[in-house]
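What follows is a single structure, written as C-alpha cells, with notes after it.
No lab work stands behind these numbers, since they all come straight from the coordinates. All figures in this text were calculated on a predicted structure; none of them were measured in a lab. Methodologically, a virtual Cβ is constructed for each residue, glycine included, from the backbone with ideal geometry; neighbour enumeration extends over all protein chains shown.
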Amino acid sequence: MNTPADFPTTIFHNPACGTSRKTLALLREHGIEPTVVEYLKTPLDEASLRAVIAEMGTGARALLREKETLAEELGLRDAARSDDELVAAMAKHPILMNRPVVRTPRGTRLCRPQELVLELLPATA
C-alpha cells in the first residue's frame, strides 16, 4: 500500500488560480508534496500535452480553458476544431490550458472542482 511520502504526484499549477491553489493545499493536507509545474513559466510542448491528454483519457477539448478570451479570439470554441489544432494552440499559448491538472499513480485529471483530487490520492492519504 502506498503512503503519501512514496506517492509521486505532479500538479500543473497556476498560482494565480484559486482552484489550483486549493488543490495544491489539499494535496499537502494529505501529506503529499507534489512536484509543482507552473506551466505558464514552464509551458508543456505538444508531445507533453498529448501525453497528459492521453493519461486523462479525454480529447484535447477537455484540457482547453474555453473561458479564456484568447480561446474565443482564436476560434477555438468552435467544435469543428481538431485536437491537433487545440494542442498546437495550448502549446503556443499556455494560458489556454485549463488547471489544475494532477498526475498520480492512480491517474491524471483536471481537478475542477478541487475535491476531484481526492479520487487520485492513495488509500492511506
message: Show me, for segment 15-23, the HN-Hα J-couplings you get by feeding each phi into the Karplus relation (A = 6.51, B = -1.76, C = 1.60, θ = phi - 60°), rounded to Hz, glycine and proline as x.
response: x, 7, 9, x, 5, 5, 4, 5, 5
task: On each of the three principal axes of the Cα atoms of segment 44-97, give max minus min coordinate, whole Å, ordered largest first.
output: 27, 19, 16
field: Full-stretch length increase - residue 88, residue 28 - with 0.36 nm per residue and alpha-carbon distance subtracted
entry: 18.4 nm
- request: For helix 46-56, report the angle its Cα long axis makes with the longest principal axis of the Cα atoms of the chain; keep it between 0 and 90° and round to the nearest 10°.
  value: 60
query: Which percent of the Cα-Cα distances in the chain go past 21 Å?
result: 37
task: Report, to the nearest 10°, how far helix 83-92 tilts away from the longest principal axis of the Cα atoms in the chain, using its own Cα long axis and a range of 0 to 90°.
output: 80
- request: Would you work out the relative contact order for the chain, in percent, from Cα pairs under 8 angstrom that are 6 or more residues apart?
  value: 37
query: Hey, what do the phi angles of segment 61-72 turn into as Karplus ³J(HN,Hα) couplings, whole Hz, using 6.51/-1.76/1.60 and θ = phi - 60°, x for Gly and Pro?
result: 4, 5, 9, 6, 7, 5, 5, 5, 3, 4, 4, 5
- request: Determine the relative contact order of segment 44-97: mean sequence separation of Cα pairs under 8 Å and six or more apart, normalised by residue count, in whole percent.
  value: 47
- request: In whole Hz, with x marking every Gly and Pro, tabulate ³J(HN,Hα) for segment 100-117 from phi via Karplus 6.51 cos²θ - 1.76 cosθ + 1.60, θ = phi - 60°.
  value: x, 10, 10, 10, 9, x, 8, x, 10, 7, 6, 9, 10, x, 4, 5, 4, 4
message: Only counting other Cβ atoms within 10 Å, I'd like 20, 82 sorted with the fewest neighbours first.
response: 82, 20
statement: The rounded separation in angstrom of the Cα centers of segment 8-80 and segment 84-125 is 5
field: Placed amide H near residue 13: partners under 5 Å, 5+ positions off or other chain
entry: 37, 38, 39
